[in-house]
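Notes to accompany the following structure.
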Amino acid sequence: MPVDYNGRWEMVSNDNFEDLMKAIDIDFATRKIAAHLTQTKVLVQNGDKFETKTMSTFRNYEVNFTVGEEFDEYTKGLDNRTVKTLVVWDGDKLVCTQKGEKENRGWVQWIEGDLLHLKMHALDKVCLQTFKKKE
């Protein structure tokens, strides 16, 4: 196991989130609300198996996966699409590709010290979120 992602992570920055939401066709009202929310991520890792929860006062999202195994992900509460999702290790980084209606969709996640970085992308838009580990 390259790195331990277990923990509760509190958002400290959220750059270019609204442009990413536009790229995946999130409606105007939802974008305006979501862009101002602070998210909390709870990650439970057991080897290559991950249980992930992203929570805010507006909406929660859960996705569970095993690194290296493609699965159908329904992005309920986000853009409500079904995508083919594959997460793989690239050193200590988790790299996700999502195949569906939108090209170049996915994310990269990595840890530096007590910070969790999440770079999401769709089409030509990129969003970088940073979370600090909550003790």
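The values are calculated or read from the model by the stated rules, or taken from the named source; none is laboratory data. Just so you know, these numbers come straight off a predicted model, no measurement behind them. As a convention, Cβ positions derive from the backbone with ideal geometry for all residues, glycine included, and neighbour counts pool all protein chains shown. In case anyone asks, the SASA skips ligands and DNA or RNA and just uses the protein heavy atoms, side chains included. Shrake-Rupley method; radii C 1.70, N 1.55, O 1.52, S 1.80 Å.
Values for this structure:
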item	result
Segment 54-131: C-alpha gyration tensor shape, a/c 1.5 cut-off, then a/b vs b/c	rounded
Cross-link reach list, lysines versus LYS134, counting only Cα pairs under 16 Å and skipping chain neighbours closer than eight places	LYS41, LYS53
Solvent-accessible area, 1.4 Å probe, carbon plus sulfur percent, for the chain	49 percent
For segment 1-71 and segment 108-135, distance of Cα centres in Å	9 Å
Given LYS49/LYS99; LYS102/LYS133; LYS22/LYS49; LYS32/LYS84; LYS99/LYS132; LYS99/LYS119, the pairs whose alpha carbons are separated by over 26 Å	LYS102/LYS133; LYS22/LYS49; LYS32/LYS84; LYS99/LYS132
Over segment 1-130, relative contact order from alpha-carbon pairs under 8 Å, at least 6 apart, %	23 percent
Reciprocal mean inverse distance between Cα atoms of the chain - Kirkwood radius, Å	15.1 Å
Ellipsoid equivalent to segment 3-76 - semi-axes via the Cα gyration tensor, in Å	24, 16, 10
Cβ crowding within 10 Å averaged over residues, with 117-124, 59-66 ranked highest first	117-124, 59-66
For the chain, accessible area per residue (1.4 Å probe, heavy atoms of protein chains only), Å²	56 Å²
